[in-house]
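**Q** Right, I'll just put the structure down here and ask away after.
The values are calculated or read from the model by the stated rules, or taken from the named source; none is laboratory data. Values in this document were obtained by computation on a predicted structure and should not be read as measured data. Please note: Cβ atoms are built from the backbone with ideal geometry, for glycine as well, and neighbour counts cover all protein chains shown. The accessibility values were calculated without ligands, DNA or RNA, using every heavy atom of the protein model including side chains. Shrake-Rupley method; radii C 1.70, N 1.55, O 1.52, S 1.80 Å.
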Amino acid sequence: MVEQTSGDVAMRRQRLAAGLIDYGASFTELGRRFADTLGVHSTDAFALMEIAAAEQAAAPLSPALLGKRITLTSGAMTTLLNRLEQAGYIIRSREHTDRRVVTLRCSANARRLADEFFRPINAEQDAILAEYDAAQLAQFEELLGRLRRAMAVEQSEGTPSSR
């Protein structure tokens, strides 16, 4: 491992943070355009993307878990889910052994619209990622995970000076 000064590390952190902020802004804009395509509010589109991502990861969300992902009150979440269900974009089902637990799933129509909308950017990003070997990508995924966990700890415990 190459020795780095604290200034080098801080500069790298700042450059990486700037890149992640730019990526996040681009992702937000893409989500806004997806919302326009669906004719829904951007919060609704981001909720739909969270539902789809969780479903694709074989870990479907409940309304409570979705509320933690997009930080809405239970009342606002109910209203959002009602809008998505009325638009035909989600299905609420009771699949758990505890029948009180509601599972959120994307409708076939929502999956089709999302596939059509995201196909070009997904193909472009897949081509970029294919330029890196699996070990590099795994290392980057680990880095992002560690940075995210560090931020989560700070958010839950407060800043070092407030502890």
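**Q** Quick test of your reading of the structure: T73 fulfils all but one of (1) in contact with a strand residue (DSSP E or B) (Cβ under 9 Å, 6 or more places away or on another chain); (2) exposed (fewer than 11 other Cβ atoms within 10 Å of the Cβ); (3) of a type in the set (V, I, T). Name the failing condition by number.
**A** If we test T73 against (1) in contact with a strand residue (DSSP E or B) (Cβ under 9 Å, 6 or more places away or on another chain); (2) exposed (fewer than 11 other Cβ atoms within 10 Å of the Cβ); (3) of a type in the set (V, I, T), just (1) comes out false.
**Q** Let me ask something else about it. Across region 48-64, which residue is modelled with the highest pLDDT among those that are under 21 Å from S74 (Cβ atoms) and open to solvent by 50 Å² or more (accessible area, probe 1.4 Å)?
**A** Restricting to residues being under 21 Å from S74 (Cβ atoms) and open to solvent by 50 Å² or more (accessible area, probe 1.4 Å), the top hit is A59.
**Q** In region 20-65, what residues are over 17 Å from the mean Cα position of the chain (by Cα) and part of a helix (DSSP H, G or I)? Let's see the steps before the verdict.
**A** Here is the first cut: in region 20-65, the ones over 17 Å from the mean Cα position of the chain (by Cα) are 36-40.
Selection gives D36, T37, L38.
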